[in-house]
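For reference, the structure is listed below as structure tokens.
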Amino acid sequence: MLLIPEVLAEELQLSLPNVQNALNLYTEGATVPFIARYRKEQTGEMNEIVLRNLFDRFEYLTELEERKTTIIESIKQQGKLTNELQQRIAACLQKNELEDLYLPFKPKRRTRATVAREKGLEPLAEIIGSYNQPRSHGEMPTFPGLQQLAEQYISIEKGVTTTQEALQGASDILAESVAEKAELRSALRSYILNNASVSSVVKPDYPEGTTKFEMYRTYSAALRDIPPHNMLALRRGEAEEILTLSIDFDHDYILQYLESREIHSSEAEIVRYYKVMLKDAFERLMKFTLIGEVRLEKKLAADEASIRNFGENLRHLLLASPAGMKPVLGIDPGFRTGCKVAALDATGKFLEYRAVFPHNSKYEREEAAKTLRTMLAKHRISLIAIGNGTASRETDEFVSEVLRELEGEKPTKVVVSEAGASVYSASEVAAEEFPDLDVTVRGAISIARRLQDPLAELVKIDPKSIGVGQYQHDVDQKLLKKKLEETVESCVNYVGVDVNTASKELLKAVAGITETVAKNIVEFRNQHGAFTSRKDLLNVPKFGAKTFEQAAGFMRIRGGKTPLDNSAVHPERYGLVQQMADDIGIALEELIGASEKAKAIELKRYISPEVGLPTLRDIIAELEKPGRDPREEFRYAEFQSGISEITHLQSGMVLEGVVTNVTNFGAFVDIGVHQDGLVHISQMANRYITSPLEVVKVGQIVKVRVVEVNVGLKRISLSMKAEQQSSKQGTSVQSNVPLKGQKNVSAESMSDQLALLKEKFAKA
């Protein structure tokens, strides 16, 4: 069988000792964030991406080896296992390759070949096969003809009444044998993948303009090159019984290939017989299963691309810059039902809730302004978070009016994405946090907390509800769940958590912490007060030594007994840091934050079998800036004043916006008009790019130019490319010439074909 570490090292171009060390840590229960951060010497500084790829492939090959054992045992029981077959099975690196080898031996339903064997026709098939050989030196016996060969197999008792029936039965046996040849299936599968086209038509029941799949009414693309989002859209249309989807390829080429591989005789009658048999083998036994396998392979590839894109978007959203733990007013905008306003203190604690109605009458608007001014003063509000849903821009303008009337330092006003806020409001998590509050109040609180610390709040929401995915309901749900959980875990551990303020949902994303342990931490904290030392965590029920090893470095205790507890230095290295301080003759507290003193430490003095330069460099970085937040500095988009409706937009306007979603074909940008605009991939840069993620990320603030507006269909086409002309706002930008290999895409085409995807699919 496979030597898995050796295979992984070769496939991933990694050092074998490092691979073995990483696998040992993984199988012993170490988490990816822990290995990546605190075991760099053992893995050769593999990052999280490399480690996850390594472990995913390890799991795949482990499952493959288990399947091999089952298959070998099955074939052995049938008495058909040869040394050659066993070696071929042992060498397999892919599951479909393994299943191809197993196919001839796999228990199957009763087939035409089975019936033929029951009629005693297998010897006839073998005899015919013996004549399918090239003549050489007169060694081949004279061919008597198929009819003569078949006559002796006529048996009324067995149900073979004619020579034609006998020959057909033999053909069925030969066809099944051909259809089960692993090398043929592999070659044909590869041919279809690389040479077929995929096409679709809308069913006659749906006249033009009546379906969300209009761009696929008469669609065709090379299967090899079809973009993932197109593949997923086609499959959805097929599932909804709106589209007819087909995989098209050159059947004649395939038949010619089979004939070249399987026909060896020059005997005309044998050649004719084999040609008919091979066509039957492909059309009846191979074609549909191969198409199914190819479709599945392309679907899995599309799933992986979509999931990878979702993961990247989620990562950028979770790592969005926090405005900071300051008193904040969260506003969930609304027209008829009013605006829900919640005040929170600098710790995120809920203080007060009021409902105001600034969009109805003049009197109610004045009363709403009074209420807002009172709450701002009462709670000394520093931040105002306004949800970006219905009535967002109108509420934004209302708040601006209130702020203009204030004297002195004014709160910072930010429009915040409220995607998933309603899901959180109605969740068990929200009910547990605020059992006595209405769902509308919980929504305003969530919006406020997102501004204070996006990561801490967004971990409470199912990632699929946050609005940054693409066809997330169509992809493999198991793979999607795994990817999103890994992304949340990676982000939480990258930032670290304050163990004295973190919610259960945030704590359970820490490396090594289960949901039960997270709950126990919160309960212990509520009963005994704030933790003063990382070591105190060992008193929490079920928080054992192994959990402490994995989690402690990612948990922060501010103002604790030792300042190292508020850093990413792992407790296992506290003694080493103390030695560094002693060696330069200062107290530990003096070393922390003393950048020049930390840089002056001679690291080579402290290298040991357990600690190398990578860990030492990380320690020094922490000593220089203890407790630092690795996220970017807080920035927010400022929407253009007076531009609040799609009807206010004109071609050529240059506006500021925030990226809300990134797909395979472009990015969607909120420019403050209730409808996100689409920047197609061809309009993102003055150079050729293969992925929008090369240029933008979710949450990024960008400058865009309005290319086209379709008010009726609520479509906005935007560009981030430069253009030699003055905008409506007077912004002058440089001319853009497409690079070699980059196609010009008209505004009309981009709007008609790609903005439609936003409207119909992107948020599905």
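The values are calculated or read from the model by the stated rules, or taken from the named source; none is laboratory data. Computed from a predicted model, the values in this text were never measured in an experiment. A quick note on method: Cβ atoms are made from the backbone with ideal geometry, for glycine too, and the neighbour counts reach across all protein chains shown.
Go through region 319-331 and give me each residue that's touching a residue at least 60 places away in the same chain (Cβ under 8 Å) and either more than 19 Å from Lys413 (Cα to Cα) or outside any strand (DSSP E or B) (or both). Steps first, please.
So in region 319-331, the residues touching a residue at least 60 places away in the same chain (Cβ under 8 Å) come out as 319-326, 328-331.
Leu319, Ala320, Ser321, Pro322, Ala323, Gly324, Met325, Lys326 - these are the residues of region 319-331 that are touching a residue at least 60 places away in the same chain (Cβ under 8 Å) and either more than 19 Å from Lys413 (Cα to Cα) or outside any strand (DSSP E or B) (or both).
For Gly334, state whether it is buried (at least 19 other Cβ atoms within 10 Å of the Cβ) and part of a loop (DSSP other than H, G, I, E, B).
Details: buried (at least 19 other Cβ atoms within 10 Å of the Cβ): yes; part of a loop (DSSP other than H, G, I, E, B): yes.
It is true that Gly334 is buried (at least 19 other Cβ atoms within 10 Å of the Cβ) and part of a loop (DSSP other than H, G, I, E, B).
Filter region 74-98 down to residues that are of a type in the set (Val, Ile, Thr) and in a helix (DSSP H, G or I) and give me whichever is nearest to Lys181 (Cα to Cα). If you could, list the steps in order and put the result at the bottom.
Filtering region 74-98 for residues of a type in the set (Val, Ile, Thr) gives 75, 82, 89.
Keeping just the survivors that are in a helix (DSSP H, G or I) gives 75, 89.
Details: Ile75: 16, Ile89: 14 Å.
Checked region 74-98; the qualifying residue nearest to Lys181 (Cα to Cα) is Ile89.
Restrict the check to region 192-202 and report whether at least one residue is more than 30 Å from Phe288 (Cα to Cα) and small (Gly, Ala, Ser). So that I can check it myself, show each step before the final result.
Taking region 192-202 first, the residues more than 30 Å from Phe288 (Cα to Cα) are none.
Checking region 192-202: not a single residue is more than 30 Å from Phe288 (Cα to Cα) and small (Gly, Ala, Ser).
Restricting attention to region 176-200, and to residues there that are among the small types (Gly, Ala, Ser) and in a helix (DSSP H, G or I), which single residue is farthest from Met277 (Cα to Cα)? Don't jump to the end; show me each part of the working.
Within region 176-200, the first condition is being among the small types (Gly, Ala, Ser), and the residues that meet it are 177, 179, 182, 186-187, 190, 196-197, 199-200.
After this cut, where a residue has to be in a helix (DSSP H, G or I) as well, the list is 177, 179, 182, 186-187, 190.
Values: Ser177: 11, Ala179: 11, Ala182: 18, Ser186: 20, Ala187: 19, Ser190: 22 Å.
For region 176-200, the residue satisfying everything is Ser190.
Out of curiosity, is Leu149 without any contact (Cβ under 8 Å) to a residue 24 or more places away in the chain, over 22 Å from Glu293 (Cα atoms) and of a type in the set (A, V, I, L, M)? First the steps, then the outcome.
Details: without any contact (Cβ under 8 Å) to a residue 24 or more places away in the chain: no; over 22 Å from Glu293 (Cα atoms): yes; of a type in the set (A, V, I, L, M): yes.
Taking the combined requirement at face value, the residue does not satisfy it.
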In region 488-506, the residues that are farther than 20 Å from Ile466 by Cβ and assigned to a helix (DSSP H, G or I) = none
Ala419 passes all but one of the listed conditions (1) touching a Gly at 6+ places or on another chain (Cβ under 6 Å); (2) over 16 Å from Gly348 (Cα atoms); (3) assigned to a helix (DSSP H, G or I); the exception is number (3)
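Taking Lys758, is it within 17 Å of His229 (Cα to Cα), surrounded by 15 or more Cβ atoms within 10 Å (Cβ to Cβ) and either modelled with pLDDT of 50 or more or not small (Gly, Ala, Ser) (or both)? Lay out the reasoning, then the answer.
Details: within 17 Å of His229 (Cα to Cα): yes; surrounded by 15 or more Cβ atoms within 10 Å (Cβ to Cβ): yes; either modelled with pLDDT of 50 or more or not small (Gly, Ala, Ser) (or both): yes.
Here the answer is yes, as Lys758 does meet what is asked.
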The correct count of residues that are in contact with a Leu (Cβ under 9 Å, 6 or more places away or on another chain), outside any helix (DSSP H, G or I) and in contact (Cβ under 8 Å) with a residue 40 or more places away in the chain in region 396-415 is 3
Can you name the residue in region 126-144 that is over 13 Å from Val271 (Cα atoms) and of a type in the set (A, V, I, L, M, F, W, C) and, of all such residues, is modelled with the highest pLDDT?
-> Ile127
Residue pairs qualifying under the 6 Å Cβ cut-off, at least six apart or on distinct chains, with the first in region 103-125 being more than 13 Å from Glu165 (Cβ to Cβ) and the second being in a helix (DSSP H, G or I), are Phe105/Ile75; Ala113/Asp172; Ala113/Ile173; Ala113/Glu176; Glu122/Ile173; Ala125/Ala170; Ala125/Ile173; Ala125/Leu174
Could you check, for region 252-261, whether at least one of its residues is of a type in the set (S, T, N, Q), surrounded by 17 or more Cβ atoms within 10 Å (Cβ to Cβ) and in the same structural domain as Gly169 (by TED's automatic domain parsing)?
-> no
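With the condition kept exactly as written, say whether any residue in region 40-53 is in contact with a Cys (Cβ under 7 Å, 6 or more places away or on another chain) and assigned to a helix (DSSP H, G or I).
Here is the first cut: in region 40-53, the residues in contact with a Cys (Cβ under 7 Å, 6 or more places away or on another chain) are none.
No, there is no match, as no residue in region 40-53 is in contact with a Cys (Cβ under 7 Å, 6 or more places away or on another chain) and assigned to a helix (DSSP H, G or I).
Please pick out the residue among Glu312, Glu267 that is modelled with pLDDT under 95 and under 30 Å from Pro134 (Cα atoms). Break it down into steps so the answer makes sense when it comes.
Values: Glu312 fails: under 30 Å from Pro134 (Cα atoms).
It is Glu267.
So which of Ile643, Ile592 ends up being in contact with a Ser or Thr (Cβ under 9 Å, 6 or more places away or on another chain), more than 30 Å from Leu232 (Cα to Cα) and surrounded by 14 or more Cβ atoms within 10 Å (Cβ to Cβ)?
On the way: Ile643 fails: in contact with a Ser or Thr (Cβ under 9 Å, 6 or more places away or on another chain).
Exactly one residue qualifies, and that residue is Ile592.
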Out of region 654-674, which residues are crowded, with 20+ Cβ neighbours inside 10 Å and part of a loop (DSSP other than H, G, I, E, B)?
-> Thr663, Asn664, Phe665, Ile671, Gly672, Val673
List pairs: first in region 510-532 and aliphatic (A, V, I, L, M), second surrounded by fewer than 14 Cβ atoms within 10 Å (Cβ to Cβ), Cβ under 6 Å, 6+ apart or cross-chain?
-> Val517/Lys542
Of (1) outside the structural domain of Thr440 (by TED's automatic domain parsing); (2) outside any helix (DSSP H, G or I); (3) of a type outside the set (Asp, Glu), Ala343 fails just (1)
Any chance region 546-553 includes a residue that's outside any helix (DSSP H, G or I) and without any contact (Cβ under 8 Å) to a residue 60 or more places away in the chain?
-> no
Would a scan of region 614-633 turn up a residue that is assigned to a loop (DSSP other than H, G, I, E, B) and either farther than 30 Å from Ala530 by Cα or in contact with a strand residue (DSSP E or B) (Cβ under 7 Å, 6 or more places away or on another chain) (or both)?
-> yes
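Tell me the residue from Asn47, Asn21, Asn83 that is touching a residue at least 12 places away in the same chain (Cβ under 8 Å) and polar (S, T, N, Q), please.
Values: Asn47 fails: touching a residue at least 12 places away in the same chain (Cβ under 8 Å); Asn83 fails: touching a residue at least 12 places away in the same chain (Cβ under 8 Å).
When all the criteria are applied, what remains is Asn21.
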Do we have any residue at all in region 557-572 that's farther than 30 Å from Glu602 by Cβ, in a helix (DSSP H, G or I) and of a type outside the set (A, V, I, L, M, F, W, C)?
-> no
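So which residues in region 519-545 are under 22 Å from Tyr26 (Cα atoms) and part of a helix (DSSP H, G or I), if there are any at all?
Narrowing region 519-545 to residues under 22 Å from Tyr26 (Cα atoms): 542-545.
Once the filter is applied, which keeps residues that are under 22 Å from Tyr26 (Cα atoms) and part of a helix (DSSP H, G or I), region 519-545 yields only Ala545.
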List every residue pair whose Cβ atoms lie under 7 Å apart, where the two residues are 6 or more positions apart in sequence or sit on different chains, the first residue falls within region 420-435 and is of a type in the set (Ser, Thr, Tyr), and the second residue, located anywhere, is surrounded by fewer than 18 Cβ atoms within 10 Å (Cβ to Cβ).
-> Ser425/Val439
Output for Cβ contacts, cut-off 7 Å, separation at least six or different chains, first residue among the hydrophobic types (A, V, I, L, M, F, W, C) in region 209-231, second at pLDDT 90 or above and in a loop (DSSP other than H, G, I, E, B), reads Phe213/Ile242; Leu223/Ala196
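Determine if region 359-376 includes at least one residue that is part of a loop (DSSP other than H, G, I, E, B), under 30 Å from Asp676 (Cβ atoms), more than 34 Å from the chain's Cα centre (by Cα) and among the charged types (D, E, K, R). Give the derivation first.
Step one: filter region 359-376 for residues part of a loop (DSSP other than H, G, I, E, B), giving 359-361.
Imposing the further condition that a residue be under 30 Å from Asp676 (Cβ atoms) reduces the set to 359-360.
With the extra rule that they be more than 34 Å from the chain's Cα centre (by Cα), the set shrinks to 359-360.
Next cut, among the charged types (D, E, K, R) only: none.
No: region 359-376 contains no residue that is part of a loop (DSSP other than H, G, I, E, B), under 30 Å from Asp676 (Cβ atoms), more than 34 Å from the chain's Cα centre (by Cα) and among the charged types (D, E, K, R).
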Test result for Ser392, polar (S, T, N, Q) and either on the phi > 0 side of the Ramachandran plot or surrounded by fewer than 23 Cβ atoms within 10 Å (Cβ to Cβ) (or both) | no
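Can you tell me which residue in region 233-251 is surrounded by the most Cβ atoms within 10 Å (Cβ to Cβ), limited to those that are under 20 Å from Leu223 (Cβ atoms) and among the charged types (D, E, K, R)? Explain how you work it out, then say what you get.
Here is the first cut: in region 233-251, the ones under 20 Å from Leu223 (Cβ atoms) are 233-239, 243-251.
Within this subset, residues satisfying the condition of being among the charged types (D, E, K, R) are 235-236, 238, 248, 250.
Details: Arg235: 18, Arg236: 20, Glu238: 17, Asp248: 13, Asp250: 13.
Top of the filtered list is Arg236.
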